[in-house]
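Data first, discussion second: the structure below is written as structure tokens.
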């Protein structure tokens, strides 16, 4: 009995494969593999890093992958069998790839909906109207972790606070935020209203939105794998100084190997877009209350007392002062040398020279850590200078000289 031609051909193929030691249907090409990871470039070579931190040296059809550096991709191909040193990238011959996440250099735009559908908050006592997306939920009082940036923390009133949901920047490193409006009824002039308790050099500016003039600054902090970017904006309207604060909580990628390509990062312009969108919906009306602190005093501001004590030794030095006619003061000292540091317990290292990044209440005190890494004692001359309506009055200053012993720790 003879076999059909097709069956006879299959029999011969199987026989030859068996004689060659290859199973029927087995290909002599390496098995296809799919790896999902981030594309990077090092010394002109393309590297793929997977979710477990494994790295592959991409070879073969890689021309188009050069346009996908920092993107997350799914690559199909074969892993090479060449010998490699421990820690070296494993050779991976690319056959094809698909894009999982394409990073946009412009970041991600906030999704706030149509302003015509926003909710409205009105405080008639202080004459402010704030419209906001309905997805912004009310918070009770001022969040404990979010501080006002008025110069004098006493007497500040939080009018309203909202939480900003992470969905506003979907698919990004944004994990939530806060929008807050407050007023300091003790500020009596625009010049003083434009001041902040602390600022970041290079991030303080003036801006106008819908004919409303604002002073803006930005503070950045890091905690528990999250970067906190906080914008403070002040405006003086109808005799009151208002503060609008927007906080962005953004994951910083700590402990996440693929963080930088698996999600979209917020750009500074993305944050500013949300700020401008919210402030464009702010308006003011005649307040029911009147500011009892109106008017600039006729007396030029002067520092009336300045004292320093340190008890016990090797503890922060406490400086206290009082003024008359001042809205706020600045603490200034010359730059001695690179081995002398002055730090505030409330705000970190202080800048020496004519520039300062913070202001202090007109009457108050501050604990300063004075560090001298020189082999001999040095003298620090501290000046407390008064300000009124944003103008300095150096003739009203007081000066104190402190002897700083070498640090023996």
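Can you find, within region 332-391, the residue that is surrounded by the most Cβ atoms within 10 Å (Cβ to Cβ) among those that are on the phi > 0 side of the Ramachandran plot and within 29 Å of the chain's Cα centre (by Cα)?
Per the criteria, the residue is 390.
Name every residue in region 314-335 that is within 12 Å of residue 371 (Cα to Cα) and touching a residue at least 12 places away in the same chain (Cβ under 8 Å), in order of residue number. Even if it seems obvious, please write down each step before you answer.
Filtering region 314-335 down to residues within 12 Å of residue 371 (Cα to Cα) leaves 314-317.
Within region 314-335, 316, 317 qualify.
For region 113-125, state whether one or more residues are within 21 Å of residue 267 (Cα to Cα) and either surrounded by fewer than 16 Cβ atoms within 10 Å (Cβ to Cβ) or assigned by TED's automatic domain parsing to the domain that holds residue 270 (or both).
yes
Could you give every pair whose Cβ atoms fall below 8 Å, whose first residue belongs to region 358-373 and is free of Cβ contacts under 8 Å to residues at least 40 places away in the same chain, and whose second residue is surrounded by 20 or more Cβ atoms within 10 Å (Cβ to Cβ) and part of a loop (DSSP other than H, G, I, E, B), counting only separations of at least 6 or pairs across chains?
Once the first residue is free of Cβ contacts under 8 Å to residues at least 40 places away in the same chain and sits in region 358-373, no partner that is surrounded by 20 or more Cβ atoms within 10 Å (Cβ to Cβ) and part of a loop (DSSP other than H, G, I, E, B) comes close enough.
Being within 14 Å of residue 396 (Cβ to Cβ), crowded, with 17+ Cβ neighbours inside 10 Å and touching a strand residue (DSSP E or B) at 6+ places or on another chain (Cβ under 8 Å) is true for just one of 323, 304. Which residue is that?
Every option except 323 fails the conditions.
With respect to residue 365, determine if the residue is in contact with a strand residue (DSSP E or B) (Cβ under 6 Å, 6 or more places away or on another chain), closer than 18 Å to residue 200 by Cα and outside any loop (DSSP other than H, G, I, E, B).
no
Taking the conditions exactly as written (touching a helix residue (DSSP H, G or I) at 6+ places or on another chain (Cβ under 6 Å), at pLDDT below 90 and more than 24 Å from residue 261 (Cα to Cα)), does residue 30 satisfy them or not?
No: the conditions fail for residue 30.
Here are some conditions: (1) in contact with a strand residue (DSSP E or B) (Cβ under 8 Å, 6 or more places away or on another chain); (2) in contact (Cβ under 8 Å) with a residue 40 or more places away in the chain; (3) under 30 Å from residue 104 (Cβ atoms). Residue 162 meets all but one. Which one does it not meet?
Going through the list (1) in contact with a strand residue (DSSP E or B) (Cβ under 8 Å, 6 or more places away or on another chain); (2) in contact (Cβ under 8 Å) with a residue 40 or more places away in the chain; (3) under 30 Å from residue 104 (Cβ atoms), residue 162 breaks only (2).
Output the residues belonging to region 50-70 that are touching a helix residue (DSSP H, G or I) at 6+ places or on another chain (Cβ under 9 Å) and modelled with pLDDT of 90 or more.
58
Look through region 131-167, keep the residues that are modelled with pLDDT of 90 or more and closer than 29 Å to residue 322 by Cα, and return whichever of them is surrounded by the fewest Cβ atoms within 10 Å (Cβ to Cβ).
Step by step, filter region 131-167, then rank; the result is 157.
The values are calculated or read from the model by the stated rules, or taken from the named source; none is laboratory data. Since this is a predicted model, take the numbers as computed values, not measurements. No Cβ is skipped: glycine too gets one built from the backbone with ideal geometry, and neighbour counts run over all protein chains shown.
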